[in-house]
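Read the figures in this text as sums done on the coordinates, not as results from a lab. From a predicted model like this one, the values you see are computed outputs, not experimental measurements. Here the Cβ is made from the backbone with ideal geometry for all residues, glycine too, and neighbour counts use every protein chain on show.
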Amino acid sequence: MSIAAYKRTIRESESPRQIERRVFLRVTGELEKKSTPFDKAASRADRADLLAGGLRSHLAENLKLWSTIKHDLSQPENGLPVQLKAGLISLALFVERQTANCLGGSAGLGVLVQINQNLISGLSGHSPGPRG
């Protein structure tokens, strides 16, 4: 099966919620691998090395995902309840600020991972809570 056919099959067989969950799982997995070393790094220089080692592109991908969600939530045809949309937009804005902090060398990658994990739980139909 060609890659295009495989992608088409996924789009036809998965709900938008399942696709979102799968994308969040992939992006979060990459961030999670670097989370502890980044947040426990002794200096901004050590964090800069981790950013240069691929983390910067994973943060950009996460930011793009959240920007897409924020845009979708702002559309009039989005059918989610107003309170839920407002909460998710606020969360997207927080992710933008926290990502900027991380890119600047400040600790805080773990909170981005936790936010994504909570969203994955929600997309899976589970209540967010401590993972372990």
**OP:** Return a yes/no flag: does the range 74-89 have any residue that is under 21 Å from K33 (Cβ atoms) and either touching a residue at least 12 places away in the same chain (Cβ under 8 Å) or not polar (S, T, N, Q) (or both).
**Re:** no
**OP:** Quickly run through the range 56-73 and pick out the residues that are within 16 Å of E32 (Cα to Cα) and either without any contact (Cβ under 8 Å) to a residue 40 or more places away in the chain or more than 18 Å from the chain's Cα centre (by Cα) (or both).
**Re:** S57, H58, A60, E61, L63
Original post:
Does A92 count as among the aliphatic types (A, V, I, L, M) and over 14 Å from the mean Cα position of the chain (by Cα)?
Top reply: no
